[in-house]
Amino acid sequence: MCGADCADTMRDMVAGDDKVFLEPDAEYGGYVVECPSLPGTYSQGKTVSEALANIQEAIQLTLEDMESAGSRSSILPKCW
């Protein structure tokens, strides 16, 4: 779990070749995480590891939706 010093700053966690951004969320009591190279792909979790697992699932679902819609491009990121 993240130490107290990260409560005021956004942390970035490397997940494969690209980055996801992990931010403590005082209201939720956990973490919010996003993959900025896939706009709108966000998730959350009570712990860092739960948030990272959840964003991996969100990224996979986003890519599957894009592929089924025929809009997946070879330029898309590798967020994990």
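What follows draws every value from the coordinates through simple rules; no lab data is involved. Here the structure is a predicted model, which is why all the values come from computation and not from measurement. Here the Cβ is made from the backbone with ideal geometry for all residues, glycine too, and neighbour counts use every protein chain on show.
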The stretch 19-57: GluC sites (Glu not before Pro) falling in loop per DSSP and having at most 11 other Cβ within 10 Å: E27
Quick query: amide H of D25 versus all other amide H atoms, modeled in the peptide plane; which residues come in under 5 Å with a sequence gap of 5 or more or a different chain? G30, Y31, V32
